[in-house]
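The structure under discussion appears below in the form of structure tokens.
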Amino acid sequence: MSLLNEVWQAVKAIGTGMATVHKRVYEEAPTEFYPYVELDLPPVSVQSLALVENEDGTERCIVCLQCERACPSQVISIERHRNPEGKGFLIDRFDIDLVNCMYCSACVEACPVSSIVTIQDFELSTYDLHTLKADIDFLHEQARRSKKWYSPKLGVEIRTEDGRIEKAPPEMQPGGLAELLKPAAEEEES
Amino acid sequence: MGLLGSDERPRDIILGTLDDLINLARSRSMWPLTFGIACCAIEMMATWDPKVDADRFGMFFRNTPRQADVMIVSGTVNKKLAKRLRRLYDQMAEPKWVISMGACANQGGPFRHGYSVVEGVDKIVPVDVYIPGCPPRPEALLQALLLLRDKISDRELRYKRPQEIATDYDVFAEPGEDGRIPVL
Amino acid sequence: MSSTIGLEPVLGRSDEMIVNMGPQHPATHGVLRVVIGLEGERITRAVPHIGYLHRNHEKIEESRTYFQVVPFTDRMDYVSGTQNELPVVLAVEDLAGIEVPERAKMIRTMFFELFRIASHLVWMGTAMLDLGAITPFLYTFWDREIILGIVERTAGARMLPNYYTFGGVRRDLHPHFFKDVAEFLDHLEKRMPDYEHLVLENPIVHARTVGVGVLSKERAVARGVSGPVLRASGVAYDVRKAFPYDAYPEVEFEIPTSDAGDTYARFWVRFQEIYQSVKILRQLLEKTPKTGPFKGRAPARLKISGERYRAVENSRGELGVYVVGDGGDKPYRIKHRGAAFSNLQVIPDLFIGAKFSDAIAILSSLDPVFGEIDR
Amino acid sequence: MSLIPIPEDRRFKIKLIGYDPGRSRPWLERFVYSLYVVAFWLFVIATYAGVPALFDWLGWDGGWGYVVMRALQVVMLFLLSAVIALMLILALRKYLGKVQERYGPMHYGPAGGIQTVFDALKLLGKEDFVPAAADWLTFRLAPAVTFVSSFAIFAVVPFASGWTLADSNVGLIYLIAVSTLSAYGVLLGGASSGNKWALIGALRAGAQMVSYEVPLALVFLSVAVWSGSMSLGKIVDAQLGVWNVIPLFIPFVLYVISSLAELKHIPFDFPEAESELIAGYNVEYSGMSFAFFFLAEFVELFLLPALIVVFFFGGWHGPLFGLEPGTLAAGALQSLYFSVKTAVWVWIFLWIRATLPRYRDDQLMEFAWKAMIPLALLGLVLAAYMRLIWR
Amino acid sequence: MDLRIKRERLFDEDVYTVHPDDYRALCEQLKKDGFDYPRAISSLDMGYGLRVVLQLTRMSDLAKVEVRTDVSYDVAAVDSVTDLWPGVEWHEREAYDLMGISFRGHPDLRRLLLEEEWDLHPLQKRYDTGGYLIPDWRPADWPDPAPWQEPAPSQEDAAPEGGEGE
């Protein structure tokens, strides 16, 4: 009898497994249909790097070389010269080797003025590696394309329809919960 | 790399059309080789998961290089692996393509300064599509696979294929005086 | 080349076939190569070869600052993301005397456990793939995809986020983090019975794993294995309990152990660990303050002298690091003690005498990850 | 520098030329796949009713005409097997997709409908490669042997009453012979590849064959004893009242298990064993040779469930709604019944494939020798007794 | 038991610095003391020589111990402890492979991560990250006095007793 019971248990277990599998047929699959539907990545997602300019087209970057020093993969190389009129430095060359970059966002952490930022554009696959040696024009272009970007100092910023740069609402910000919870607490107090 | 084994652009209309048809079929039925190396291999598997599902485009893994069309080099290639990788590539049946996935496979990535890392898999096998990222997200791999699809089926792109870069790479080289296995 | 095979044919033995499994083999979970002597289907000898993913972590990290080392450690056990950063971070915090806020510790622990679930899900899928069932792989990868989505929303990357830093974590939580994790845990608890039906209760899995690849308690300890492999052999050694770190002293959980020591026991222990991780995460969701500091005060340039061994219990076992600082801002030497590295040494013990198909099941139950083994 | 010029914005864009703009359309899928079913049905009708009718109309139905007619039917069946393979591969991939919470092929052709055509064309244009270590002739011959031996089962399968190529009175013996042959193809292919994985696969195929063939033959014997005939047509005829599955339940279960083993189907796919032997016996095959193995596998995936239906589920029996048996309409209806029953069994096989892991090879042998053969003998004795009592 | 040994306490570990000739004897002593779990063997290039660091745990009370021994570049060899703890087999091979320390009596001392054809030990400080010799690298002088007390002042002090505070 125990043998029969064993067989019955085995058949039952296989049947349960098969039912478990087949019931998925009636469920909607979570596929996101990538090339046909645009991905909505979270704003802090690190897919590529960009150099943000101010609204008036001036350079945010002060060429302090902090990002170059912070980079673990050593892919940033910058050349600069002293600004003949006024303080600071001007960029001669600002190259990021996006081929060898490990997308750890250490440079973004290091940047004191939130000039170098992370963006969500991941569609960089190419037939030719030379397209990925990013110079300053390419990095600016990446920033101009993107609607939102992230840097630890200024948080998530968004580009509005009319080209202005604004801070994103707290729902998109890391640590935005503090701001979201504040009005509720104030209401409770009042 | 046409059906008739010629790299010249076919002038014959009928054969040209047949060539196009076969290449259309090739581009719509790319079977990658099950060859995961490192971090990118996990994202490579994730490209076939329910969320991204590259099987929508008719791609599924074959374990043996004889039946695979695309080799996705998904991770760091070091000098010990390089010989095996080249051998796997040689074992694949023509026509075959290579996708270099991630920073390490492209040019060594963060590990390119190391003593045993090959600085880019294109020193060993000819690469058709490169994906940046460390690791690239699954959608990026899907984009690369679709770029490869366009490259195979599109005449203009196909005949501008970069020639074999790595013909002079000796994968069975003896170590040099400093004990390192020479790369190029 | 014969010296690299390490398994010379024995003269006068024509009944033994020497088979080279890997580095490209679907069941080696990466680039393991095992040279196997087969007598029919029975394995007579087995010599594992590693190093096909040796990417010079330890040498490269000597030329990077402590801050730059952390993203490199991510790439070791790439299935379990942030878990690898923790030993280095803890060791350096010990040596430099950096204080970590309570909330940061809890955030770290939550990510640690999320990645443990993710890693065990990947194991479950690939182990079943090795046994021949394709479907659980897709289910587990979808569940893992949810975890990675939660991680990406906060940490910025799916797999290797470079999230922990000295004194805490790099950035604050996404506003929806708590809601997301709670929803995911509910989802996972609904799915776990399905996984039990497909894996643990399946009679074919029983037939393939029960009594296969038995690792005795003494042998397991002497071989230095750790993690689920050790606990399946009946040793309740878990770094989270033995040498607690971060927020583990504040949560309650059990160490699931089994005395059988066979492949099925290793499967079972990993399943129980998923349940324990869910339990830990539920407690932490309650305890963690919604707002507050996420990072302590850490100097911008760390100069460290001294030596420290710190270990954490990652998904594969004791992941340790031995940091030696010479007073500069770069480590003098970093030695990573990979859990899977020690676990994989038992291959000859378990393979010899087993059937070839058993070897596949045994290998999947060891759950090797080659980023950590070869470094 | 590369030959490809860097585009202005340094980005290469995908061409969005797929069919489906980002959502599934179940009705479209159903429509496209029903086209395959209709094509299959029309092929069956044309083969078994159309070709004889054509020769009848031509008045060329004796002597050489008969031979040519049969040859034409075989050609039609070959085309039919291609349709079956394309259909089943697509069905497998779509069903696996569905149970795995994804969609499977869906962008090439309406609802992925011509995906498998692309696959076949691709394999046609792929390099067909003979390794240096392989034995050329055997290596080349093995896919053909495998395909022919599975294709040969078509000869005795009755699609409707009288719709069969050869309703031989030794049909069962023919089946035993042919199914043994199909293991030979695998054995030859694996052993001639000059590859150790393929050799192990071949050895496993051989060991597997000797273990499932004996219970299979005993099951055939029980069916023959119960039905009183070895002709497949007569076996179906005998099931007019009650399907064999009820009196012959034990042989039925054993037959399903043996079929799974003969198909090299999960949970018994040891010769191929993707995750163990890489691809087993066909590890060295590429291009068209591999396509023939693939074709053979899927033709068998149709034929073995079809034989289950013939032996145990009443074959083409079903309500005829007053149609005269033997007419075209009745034959079409009967072949539809037969196909639907077969489709259900094919689906069960796919379902098993989607769910179960793989046994170890010695476990099948142990099971076959220790459990299946005694049970098959028991089934045979029971069948004989029942035959004595009830018929 | 005249083990040339120095004992100190670092964080939660007992650290023994031992003369390479006494390394094996100390390990046997520790094995007898119940240290059954080998965590790792690390290897360091100290600038004047190579150092082997063996890390052990006792499963019964979770005491941790670390054994260090320094060898010179010329005679970079210590006794293997694989027979005491089979788990250090690969760790010793790795130390041989990357740091160039030979282990006498190891059953299978081959390179582990690199190929047999290589003849450099890349983790030594004389090589740069790329594995090339640094031209102006010179070994430092051996530190004086020797780190261990020589000879051991008394037997009780020298004999290792495992974890402190027992």
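Computed from phi, the 3J(HN,Hα) profile of the stretch C:329-339 under the Karplus parametrisation 6.51, -1.76, 1.60 (θ = phi - 60°) reads 8, 10, x, 6, 7, 10, 10, 9, 9, x, 5 Hz, with x in place of Gly and Pro. Annotation: amide H of D:Ser286 within the under-5 Å range of D:Phe129, sequence separation 5 or more or interchain, hydrogens built in the peptide plane. Distant-in-sequence amide contacts of C:Leu38, defined by a placed amide H-H separation under 5 Å and a gap of 5 or more residues or a different chain, comprise C:Met17, C:Ile18, C:Val19, C:Thr44. Over chain A, dividing the summed -39,500 (n - 2.57) contributions of all DSSP H runs of at least 4 residues by the number of residues returns a 222 nm mean residue ellipticity of -8500 deg cm²/dmol. Can you tell me how the stretch C:232-366 classifies by the Cα gyration tensor, rounded, prolate or oblate, using a/c under 1.5 as the rounded cut? Oblate.
Any idea what the relative contact order of the stretch C:57-339 is, in percent, if you count C-alpha pairs under 8 Å spaced at least 6 apart?
On the way: 480 pairs, mean separation 77.6, N = 283.
Worked out over the stretch C:57-339, it gives 27 percent.
The angle separating the long axis of helix A:2-22 from the principal Cα axis of greatest extent in chain A is about 40 degrees. Other residues within the sphere of radius under 13 Å centred on the Cβ of E:Arg104, judged by their own Cβ, net out at -3 (K and R +1, D and E -1). Across the protein assembly as shown, the convex hull enclosing all Cα atoms gives 220 Å³ per residue. Relative to the current alpha-carbon distance between A:Glu161 and A:Leu90, full extension at 0.36 nm per residue lengthens the span by 22.5 nm. Structure note, pairs B:Lys96/B:Lys151; B:Lys83/B:Lys123; A:Lys148/B:Lys51; B:Lys51/D:Lys98; A:Lys87/A:Lys148; A:Lys147/A:Lys167: Cα-Cα distances above 19 angstrom occur for A:Lys148/B:Lys51; A:Lys87/A:Lys148.
For the stretch D:24-125, report the convex hull volume of the alpha-carbon atoms normalised per residue, in Å³, without decimals. Walk me through the numbers before you get to the answer.
Details: hull volume 11.4 nm³, N = 102.
Dividing the Cα hull volume of the stretch D:24-125 by its residues yields 111 Å³.
Legend: calculated FRET efficiency, D:Lys234 to D:Trp41, from the Cβ-Cβ distance at R0 = 30 Å, rounded to 0.05, equals 0.75. Mean residue ellipticity at 222 nm, helices only, chain D: -21500 deg cm²/dmol; runs of at least 4 DSSP H residues each add -39,500 (n - 2.57), and the sum is divided by the number of residues. Here the Debye sum runs over all C-alpha atoms of chain C as equal scatterers in vacuum, and log10 of I(q)/I(0) at q = 0.08, 0.11 Å⁻¹ comes out as -0.41, -0.76.
The protection proxy used here, the mean number of other Cβ atoms lying within 10 Å of each residue, ranks peptides A:52-60, D:325-333, D:169-177, C:158-166 as follows, highest first: C:158-166, D:169-177, D:325-333, A:52-60. The amide H of C:Arg333, built 1.01 Å from its N in the peptide plane, has C:Val324 as neighbours under 5 Å, considering only residues 5 or more places off or on other chains.
Here the 3J(HN,Hα) profile of the stretch A:86-93, calculated from phi with Karplus coefficients 6.51, -1.76 and 1.60 at θ = phi - 60°, is x, 8, x, 10, 10, 7, 8, 8 Hz, Gly and Pro shown as x. A helix-only calculation puts chain C at -14000 deg cm²/dmol for mean residue ellipticity at 222 nm, using -39500 (n - 2.57) for each DSSP H run of at least four residues, averaged over all residues.
Relative contact order (percent) for the stretch D:132-390, with alpha-carbon contacts under 8 angstrom and 6 or more residues of separation? Walk me through the numbers before you get to the answer.
Numbers: 412 pairs, mean separation 71.8, N = 259.
Reported relative contact order: 28 percent.
Using Cα-Cα distances under 8 Å and only pairs 6 or more residues apart, what relative contact order does the stretch D:1-152 have, in percent? Walk me through the numbers before you get to the answer.
Details: 77 pairs, mean separation 41.8, N = 152.
Relative contact order here is 28 percent.
Computed from Cα positions, the angle between helix A:177-189 and the longest principal axis of chain A comes to roughly 80 degrees. Please name which of E:Pro107, D:Pro215, C:Gln272 has its Cα lying farthest along the dipole of the protein assembly as shown towards the positive end, using unit charges on Cβ (Lys, Arg +1; Asp, Glu -1) and the Cα centre as origin. Farthest along the dipole direction, towards plus: D:Pro215.
Sorted ascending by nearby beta carbons within 10 Å, beginning with the fewest, C:Thr154, C:Thr44 become C:Thr44, C:Thr154.
State which entries of D:Lys122/D:Lys341; C:Lys59/E:Lys31; D:Lys13/D:Lys126; A:Lys12/C:Lys179; C:Lys303/C:Lys335; C:Lys279/C:Lys335 exceed 26 angstrom in Cα-Cα distance in the structure shown. Don't skip to the end; give the middle numbers.
Numbers: D:Lys122/D:Lys341 33 Å; C:Lys59/E:Lys31 32 Å; D:Lys13/D:Lys126 28 Å; A:Lys12/C:Lys179 37 Å; C:Lys303/C:Lys335 18 Å; C:Lys279/C:Lys335 33 Å.
Distance filter (> 26 Å) returns D:Lys122/D:Lys341; C:Lys59/E:Lys31; D:Lys13/D:Lys126; A:Lys12/C:Lys179; C:Lys279/C:Lys335.
Values of log10 I(q)/I(0) for the stretch C:25-99 across q = 0.23 Å⁻¹ run -1.08, by the Debye formula with one identical scatterer at each alpha carbon and no solvent. Taking every full run of DSSP H in chain C, the ones that stretch at least 18 Å from end to end by Cα along their long axis and average -0.5 or higher on the Kyte-Doolittle scale are C:102-131, C:135-155, C:263-287.
For the Cα atoms of chain E, what angle does the longest principal axis make with the long axis of helix E:89-99, in degrees from 0 to 90, nearest 10? With rounding to tens, the tilt is 50 degrees. Sequentially through the stretch B:30-35, phi angles give Karplus couplings (6.51, -1.76, 1.60; θ = phi - 60°) of 8, 9, x, 7, 6, 8 Hz, Gly and Pro residues having no value and appearing as x. Hydrophobic, long helices, defined as DSSP H runs whose alpha-carbon span along the helix axis is 24 Å or greater and whose mean Kyte-Doolittle value is at least -0.5, occur in chain D at D:26-45, D:64-99, D:171-192, D:196-227, D:287-312, D:328-355, D:373-390.
So which aspartates and glutamates pass the test for C:Lys287, namely a Cα distance under 19 Å, with those fewer than 8 places away in the same chain ruled out? Here the aspartates and glutamates satisfying the reach criterion relative to C:Lys287 are C:Glu102, C:Glu113, C:Asp172, C:Asp180, C:Glu183, C:Asp186, C:Asp246, C:Glu250, C:Glu252, C:Glu254. In terms of surrounding Cβ atoms within a 10 Å radius of their Cβ, D:His265, C:His336 rank from fewest to most as D:His265, C:His336. Remark on chain A: A:Cys61, A:Cys64, A:Cys71, A:Cys101, A:Cys104, A:Cys111 stand apart, with no other cysteine beta carbon under 4.7 Å.
Values in this text are rule-based calculations from the coordinates and carry no lab data. Predicted model only: the values in this text are computed from it and were never measured. Please note: Cβ atoms are built from the backbone with ideal geometry, for glycine as well, and neighbour counts cover all protein chains shown.
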